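Trainee: Input: one structure, supplied below.
The values are calculated or read from the model by the stated rules, or taken from the named source; none is laboratory data. Note that the structure is a prediction, hence the values are computed from the model and not measured. Every residue, glycine as well, gets a Cβ built from its backbone with ideal geometry; the counts of neighbours run over all protein chains shown. Note: areas computed on protein heavy atoms with side chains; ligands, DNA, RNA excluded. Shrake-Rupley method; radii C 1.70, N 1.55, O 1.52, S 1.80 Å.
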Amino acid sequence: MSQEKTGIRLVQRPEQPTAVVREKVPMGELPPFFGRAFGAVMAAAQNQAVQIAGPPFGLYRGMPTDTVDVEAGFPVAAPFTGSEGVAAGILPACQAFEATHTGPYDTLSATYDAIQARMKEEGFSPADSMWEYYLSDPATEPDPATWKTLVVWPVA
């Protein structure tokens with residue numbers, strides 16, 4: 001289980017309109033939820049001729065427990081009108097710490113721990129939501145050791 005973290009950076013992120021599916025999901029059911037949500041968002045965006053403007057992401061509200069309040073979708077290049085279970089959303093403009101995680105999704109907690117430690121070192125408090133951009137497609141990159149995920153954790 002190899003994992004490497006590239007540098008943790010403090011960044012200013014611009015507001016980004018999104019198209020998402022939001023649900024409360026048991027942790028063990030996240031993979032099928034993401035597959036369903038990404039498919040629904042792609043279809044809805046295509047139906048509205050709205051261009052996808054970045055990699056798929058998952059936004060987590062609150063600290064995950066057995067169940068997580070999650071939005072899954074894509075950044076969009078133009079305003080999106082909610083339809084077919086897909087809603088318009090926004091990734092907020094914010095100051096955030098981010099880091100690129102390389103490795104399987106079940107090792108992401110190590111990257112979150114490192115970001116949280118860095119926040120504390122620099123006197124910041126974490127916001128109660130964070131998101132992950134999935135930079136690798138498991139369908140085309142079957143080796144989880146090579147998967148890249150950009151973790152974005154805003155400060156409060």
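Trainee: Using just the alpha carbons, could you tell me how many Å³ per residue the convex hull of segment 47-133 encloses?
Mentor: On the way: hull volume 10.7 nm³, N = 87.
Convex hull volume per residue, Cα atoms: 123 Å³.
Trainee: Please report, in whole Å, how far the alpha carbons of segment 86-156 spread along each principal axis, starting with the longest.
Mentor: 39, 33, 14
Trainee: In debye, nearest 20, what is the charge dipole magnitude of the chain about its Cα centre with +1 on Lys and Arg Cβ and -1 on Asp and Glu Cβ, if you could check?
Mentor: Details: 10 positive and 18 negative charges, 61 e Å.
Using Cβ point charges on Lys, Arg, Asp and Glu, the chain gives about 300 debye.
Trainee: Give me the percent of the accessible area of segment 1-109 that comes from carbon and sulfur atoms, probe 1.4 Å, all protein chains in place. Please list the in-between numbers first.
Mentor: Working: 3120 of 5530 Å².
It is 56 percent, rounded to a whole number.
Trainee: How high is the relative contact order of segment 1-137, in percent, counting Cα pairs under 8 Å that sit 6 or more residues apart? Before the final figure, lay out the partial values.
Mentor: Details: 242 pairs, mean separation 52.2, N = 137.
Normalised by residue count, the contact order of segment 1-137 is 38 percent.
Trainee: Here's a follow-up. Using only the Cα atoms of the chain, each taken as one equal point scatterer with no solvent, compute I(q) by the Debye sum, divide by I(0), and report log10 of the ratio at q = 0.09, 0.12, 0.19 Å⁻¹.
Mentor: Taken in order of the listed q values, log10 I(q)/I(0) reads -0.28, -0.51, -1.27.
Trainee: Let me ask another. Against the longest alpha carbon principal axis of the chain, how many degrees, from 0 to 90 and to the nearest 10, is the axis of helix 30-47 turned?
Mentor: Value to nearest ten degrees: 40.
Trainee: Report D for segment 13-53 in µm² per second (integer): Stokes-Einstein, Kirkwood Rh on Cα pairs, 10 °C, 1.306 mPa s.
Mentor: Numbers: Rh = 11.6 Å.
Value of D from the Cα-based Kirkwood radius: 137 µm²/s.
Trainee: Please quote Rg/Rh for segment 42-85 to two decimal places, taking the Kirkwood radius as Rh and restricting both calculations to Cα atoms. Present the calculation step by step, with values, prior to reporting the outcome.
Mentor: Numbers: Rg = 12.5 Å, Rh = 11.8 Å.
Value, to two decimals: 1.06.
Trainee: Using modelled backbone amide H atoms (1.01 Å from N, in-plane), which distant-in-sequence or interchain residues come within less than 5 Å of VAL68's amide H?
Mentor: Residues meeting the amide H criterion: VAL25, MET27.
Trainee: Step through the residues of segment 100-114 one at a time and calculate ³J(HN,Hα) from phi using the Karplus curve (6.51 cos²θ - 1.76 cosθ + 1.60, θ = phi - 60°), rounding each to whole Hz and writing x for Gly and Pro.
Mentor: Listing the rounded values in order: 8, 9, 10, x, x, 4, 6, 10, 4, 4, 5, 5, 4, 4, 5 Hz.
Trainee: Could I ask something else about it? In Å and on Cα atoms, what radius of gyration and Dmax does segment 76-120 show?
Mentor: 15.6, 41
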